[in-house]
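The values are calculated or read from the model by the stated rules, or taken from the named source; none is laboratory data. Just so we're clear, the structure is a prediction, and the values are computed from it rather than from any experiment. Here Cβ is always computed from backbone atoms with ideal geometry, including for glycine, and neighbour counts include all displayed protein chains. Ligands, DNA and RNA are excluded from the accessible area calculation, which covers all protein heavy atoms including side chains. Shrake-Rupley method; radii C 1.70, N 1.55, O 1.52, S 1.80 Å.
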Amino acid sequence: MSSSPSPSPSLSARGSRLAFLVVGLCWLAVLFDGLDMFIYGSVLPHLLETKTFGLTADQAGDLGSYATFGMLIGALTAGTVADRVGRKKLMVASVTLFSLASGVCAMAGSVEVFGLGRTLAGIGLGGLLPTAISMVCDYAPRGRGALVIGLLMTAHHAGGILSAYVAKWLIDPVGWRAAFWVCVLPLLFAPVLARFLPESLSFLVAKGRTEEARALAERYDVELPAAKGGKQAAAERWNSLLNLFRGGEWIQTLLYWLASFGGLLLVYGVATWLPTLMRAEGYELANALTFVVVFNLGGIVGMLVAGRAADRFGAPRISALWFALTAAGVFLLSVHMPMGVTMVVVFFTGVFLNSAQTMIYATVSIASTPDSRATAVGWTSGMGRFGAVFGPWLGGQLLAAGNGEFGFTAFAIAGLSSMVFIGIAALRSSKPAARSGADQELVGAH
């Protein structure tokens, strides 16, 4: 396909329309992913105030960590499962799982059953996002991989905005369970994915279904991925992992992992506890949920701005600066300010916080050689997810100990630590900025 003449305008236009369909379906799937992820934080203030299930602050933190622990499992197993059953089937299964798990939460009569539902939801949520990123990379128009990934990641924050409105509209008149029933509705979207989403080109090539892959690539006017044998690919992945620790590289790798740990601790800690901590600062519940909307609007803007800033000034500098600004914004949220000022602070905190983690992946991608880039970014993301588990738990422990006012400060310290670790790693790095192929390795901030 690549050796053929340039496609005609009609073929390019057709390919763009069909690629838009794939990206659009994945965007909706990630939107529902964001809705399900953020809904717990949106209803949490109500659950604590009404003592639902006799819920305490430390239990609430544990419940928040259950979902992120499930996401860790889902993310770590997604690649293996997708290699066996296909990325399309895994996406359909992930949407089905977190939708049904929300039904478990909606019907839960005890904190244990509710926790089970959140854990199962997390597995589905963790499996969906990396798979969706892989799908849009396969079908993105030529030269538009980075743009498409950035657009896809806005869906996660759009889901966060939707979760706040679902909570505002339903909790008082209907009750918190209705919010989780809304999160079951994406189950109706699963058959749509199964019907209209094509299979991943990478999966088809890996399975030897070359003719089917070539037909799809020609239909969508996209590049056909190069074929690699299973044993060859496995050996390359193992060698790439070992390369992260050879010589003095283990120090660099550890610094990236620590930065990612603090970054995702910050992201998921704030995402889970923002409404509750704002309530603790004296804001009304409706205003606390409005902060979730403003925060995620900032996240959408940040995702679109961060890449351009990194291209101009360098990803390591932007990553360190973004974390410093995030820490300042999160710390300011511990101070009760006029509503208008607080909204501005929440917005800009969302801008910097939600894209600071992505800049870690950009830094790792640029500092890595092409043959180890995917492994380096993947493991940096995986280690960071332990921070995602720890963040919600930490917030619950602080509230349970009567130190809720220290919650924002603790999260700000996590931001500063990530700034320090990524800054030191950038200063130590002596590798040239190998940017080729980096577009499709920024595997999402979450």
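Just a yes or no: is a residue in segment 92-107 among the aromatic types (Phe, Trp, Tyr), assigned to a helix (DSSP H, G or I) and within 19 Å of LEU31 (Cα to Cα)? For segment 92-107, residues among the aromatic types (Phe, Trp, Tyr), assigned to a helix (DSSP H, G or I) and within 19 Å of LEU31 (Cα to Cα): present.
Taken together, the residues in segment 383-423 that are open to solvent by 10 Å² or more (accessible area, probe 1.4 Å), within 22 Å of MET359 (Cα to Cα) and at pLDDT below 90 amount to 3. Quick check, is VAL222 surrounded by 19 or more Cβ atoms within 10 Å (Cβ to Cβ) and at pLDDT 80 or above? No, not satisfied.
Do we find that THR342 is open to solvent by 10 Å² or more (accessible area, probe 1.4 Å) and at pLDDT 85 or above in this structure?
No, not satisfied.
Restricting attention to segment 22-57, which residues are outside any helix (DSSP H, G or I) and within 19 Å of ALA288 (Cα to Cα)? Lay out the reasoning, then the answer.
Pass one, segment 22-57, residues outside any helix (DSSP H, G or I): 50-51, 55-56.
Scanning segment 22-57 gives THR50, LYS51.
Pick from ALA67, ALA60, ALA19: which is over 20 Å from LEU289 (Cβ atoms) and touching a residue at least 24 places away in the same chain (Cβ under 8 Å)? Before the answer, list the steps.
Working: ALA67 fails: over 20 Å from LEU289 (Cβ atoms); ALA60 fails: over 20 Å from LEU289 (Cβ atoms).
Going through ALA67, ALA60, ALA19 in turn, just one is over 20 Å from LEU289 (Cβ atoms) and touching a residue at least 24 places away in the same chain (Cβ under 8 Å): ALA19.
For segment 41-52, the condition holds for no residue, the condition being that it is surrounded by fewer than 23 Cβ atoms within 10 Å (Cβ to Cβ), under 26 Å from ASN354 (Cα atoms), at pLDDT 95 or above and not small (Gly, Ala, Ser). Contact map, segment 79-99: residues that are under 20 Å from GLY382 (Cβ atoms) paired with residues that are surrounded by fewer than 19 Cβ atoms within 10 Å (Cβ to Cβ) and among the β-branched types (Val, Ile, Thr), Cβ distance under 6 Å, separation 6+ or inter-chain. Pairs shown: LEU90/VAL81.
Of the residues in segment 260-273, none is open to solvent by less than 10 Å² (accessible area, probe 1.4 Å), of a type outside the set (Val, Ile, Thr) and modelled with pLDDT under 85.
Within the option set LEU55, LEU35, LEU72, being under 19 Å from ALA401 (Cα atoms) and either out of contact with any Pro (no Cβ under 9 Å at 6 or more places or on another chain) or surrounded by 24 or more Cβ atoms within 10 Å (Cβ to Cβ) (or both) holds for one residue only, LEU55. Pairs are defined by a Cβ separation below 6 Å, a sequence spacing of at least 6 or placement on different chains, a first member in segment 323-336 that is within 15 Å of LEU277 (Cβ to Cβ), and a second member that is outside any helix (DSSP H, G or I) and open to solvent by less than 70 Å² (accessible area, probe 1.4 Å); the pairs so defined are HIS336/GLU281; HIS336/GLY282.
For every residue, the table says whether it meets (1) open to solvent by 10 Å² or more (accessible area, probe 1.4 Å); (2) at pLDDT 95 or above; (3) outside any helix (DSSP H, G or I).
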| residue | (1), (2), (3) |
| --- | --- |
| GLY115 | no, yes, no |
| ARG118 | no, yes, no |
| ALA121 | no, yes, no |
| GLY127 | no, no, no |
| GLY150 | yes, no, no |
| ALA158 | yes, no, no |
| SER163 | no, no, no |
| TRP169 | yes, no, no |
| VAL174 | yes, no, yes |
